[in-house]
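Below: one structure, written as structure tokens.
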Amino acid sequence: MSLWTPEAYTKAWNFAADAHRGQRVPGTERPYINHLGNVTMEVMRAIAATPIIKQPDLAVQCALLHDTIEDTDVTYETVADLFGLSVATGVLALSKDLALPKEEQMADSLRRIQQQPGEVWMVKLADRISNLQPPPGRWKREKIQRYGAEATTILEALREANDWLAQRLAQKIVAYKMYG
Ligand code: NI
């Protein structure tokens, strides 16, 4: 089993904490880094459960940085300078293209993720696992059902990347139906 290196983790964790400073997890008072810690924990748990992960640092750094380009003023170029092209390209694939109509953004991102190594697919699976927590009280039933259905689309597109995460997301999708 190959594992991540602590230095790679710490460098990306500190960078993400600075980049997201002041942001909250939507619908909560928790700092945004809480979401990044949860997603990365899911990725690390999957790495530990998988016999061969070729680039564990790519998976862990993309997990920690996955929302920097989309949600902060950090650019692709900055991520590439500090963390290398593979991480920057992975994070870019995990970012919605906000220039597209909203209903096309997920399918477009999934297509770009599928052109990346499996380590990047793992981050998207882990992101949705982490996001299938009890929905905010203001969400209407239709929105909750749409979010659950979108999770199924993600699972079907990316499940081949990692058995552990695919099974965990499948279980989360079943459990989430009780909210809709
Ligand atoms: Ni996320």
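The values are calculated or read from the model by the stated rules, or taken from the named source; none is laboratory data. Here the structure is a predicted model, which is why all the values come from computation and not from measurement. For neighbour counting, all protein chains shown are included, and Cβ atoms are generated from backbone atoms with ideal geometry for every residue, glycine included. With ligands, DNA and RNA removed, areas are computed over all heavy atoms of the protein, side chains included. Shrake-Rupley method; radii C 1.70, N 1.55, O 1.52, S 1.80 Å.
Values for this structure:
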read-out	value
Residue-averaged [θ]222 nm for the chain, counting only DSSP H segments that reach four residues, each worth -39500 (n - 2.57)	-21000 deg cm²/dmol
Inter-probe distance in nm under a simple model that places probes 7 Å from Cα toward Cβ, at LYS102 and ARG24	2.1
Integer Hz, Karplus 6.51/-1.76/1.60 couplings in order for segment 161-169, x for Gly and Pro	5, 6, 4, 4, 5, 5, 5, 5, 5
Per residue solvent-accessible surface (Å²) - the chain, probe of 1.4 Å	54
Cα lying deepest toward the dipole's positive end in the chain, options THR50, ILE173, PRO31, charges on Cβ	ILE173
Extension gain from LYS54 to THR152, taking 0.36 nm per residue of separation minus the Cα-Cα distance	32.7 nm
By accessible area with a 1.4 Å probe, ligands and nucleic acids excluded, highest first: order of ARG141, ARG168	ARG141, ARG168
Cβ charges +1 (Lys, Arg) and -1 (Asp, Glu), total dipole of the chain, debye	820
Signed unit charges on C-beta, dipole axis of the chain, positive-most listed residue THR152, ASN162, PRO117	THR152
Ellipsoid semi-axes in whole angstrom, largest first, where each is sqrt(5λ) of the Cα gyration tensor of segment 6-179	23, 19, 16
Whole-percent carbon and sulfur share, accessible surface of segment 6-179, 1.4 Å	52
Spatially proximal aspartates and glutamates relative to LYS177 (Cα-Cα < 12 Å; intrachain offsets below 8 disregarded)	GLU142
For ARG24, distant residues with modelled amide H under 5 Å away	TYR32
